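Only the coordinates and a few stated rules stand behind these numbers; no lab work does. These figures come from a predicted structure and were not determined experimentally. Glycine gets a Cβ as well: all are built from the backbone with ideal geometry, and neighbour counts include every protein chain shown.
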Amino acid sequence: MSPLIIHSARDAIAAVPYMLGFHPSRSIVVIGYDGPPNTCAVRLDLPVPDEAAGQAAGMLAANGFRRALLLGYGGPEEAGAAAVALRAALAAAGVDTTEAIRVDEQRWWSLTCDDACCPAEGVPYDISGSLVAAQATFAGHVVLADRDELVRSVQPVPDTPALRAATDRAEKRFLARAREPSDRFHSQATEEGVAFVASVRDGPTGDLTDDDVAWLGVLLTDRRVRDEAWVRIDEDSPADDIRFWRDVARRVRDPYAAGPAALLAYAAYAGGDGGLANIAIDRALDADPDYSMAVLLRQVITSGIPPSKARMRMTPRQLAAAYDEKEAG
């Protein structure tokens, strides 16, 4: 997502839901800054085990962040204990904690200040007029009510006879094409798949029919077709890719969900939406626990590698050349 400029506690409170994609609860959020060009937000469930605190701190330090801001969402004791553990872990990793606050729906409290400038009743805030919220809304970012709503946003739509019939037709079509040789690819299925992905991602962005979705889901079981879809994700502005692959991931039948869900995860990751990326990876691994693209993305995100360091920057022509070279030995 576009960088959000944070100048105050109110700005940070306004920014967190847009950085995560949902309003956190019983969580502590670590915002790393001062180092890489963009900020990084890491959310941990309360209570926070020492191991998790150490992993989060190590990840920020490894990626060059020198300072961090903590926001706790929960009761005073639970949020306070998490802040103490994270401040210690961050200090051990060489990351300075500039402030730690506890947030509820109307007020915030400093967890590092005990003097009169931090009243016991907390500091009221209203983010409705925040410049950060305005910037994020203008950029088209949406905040869901909670993490459960984010999970539901990638869950499959109800199965219907029409979807089952479309999948049956796609499977029969794929098997027939897989038996037919191609001058350029291993089979007509791969040739049609590469062409179909190009047409639906580079052509008019109309709604896909059930047959389109089913055919795409089956085609993506071919790695060459999946990679064609992967390199066509706009890493600089992936909003349309997120919309497209979320729709496909929700409408394909479960046996074919791993590919579309992993592509959704990469589009979300490229756009800085780590919350959606992790939820989409979960959906992909539920469909296929060994799906290599989802496993790789989970490792990349868990390691805290920022999207700017993991972009493919490969065109469809370069991908085709790479496959041709591989075929030539």
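I'm checking my understanding of the structure. Among residues of the range 160-189 that are polar (S, T, N, Q) and assigned to a helix (DSSP H, G or I), which one is surrounded by the most Cβ atoms within 10 Å (Cβ to Cβ)?
Step one: of the range 160-189, the residues polar (S, T, N, Q) are 160, 167, 182, 187-188.
Remaining after also requiring assigned to a helix (DSSP H, G or I): 167, 188.
Numbers: THR167: 22, GLN188: 17.
The extreme case among them is THR167.
Kindly evaluate ALA268 against the criterion of being farther than 21 Å from ALA320 by Cβ and in contact with an Asp or Glu (Cβ under 8 Å, 6 or more places away or on another chain).
On the way: farther than 21 Å from ALA320 by Cβ: yes; in contact with an Asp or Glu (Cβ under 8 Å, 6 or more places away or on another chain): no.
Judged against the criteria, ALA268 is not a match.
Looking across the range 230-260, the residues that are of a type in the set (Asp, Glu) and more than 15 Å from LEU276 (Cα to Cα) come down to ASP234, GLU235, ASP236, ASP254.
Please work out if GLN299 is farther than 29 Å from PRO161 by Cα and either among the basic types (Lys, Arg) or free of Cβ contacts under 8 Å to residues at least 24 places away in the same chain (or both). Answer is yes for this residue.
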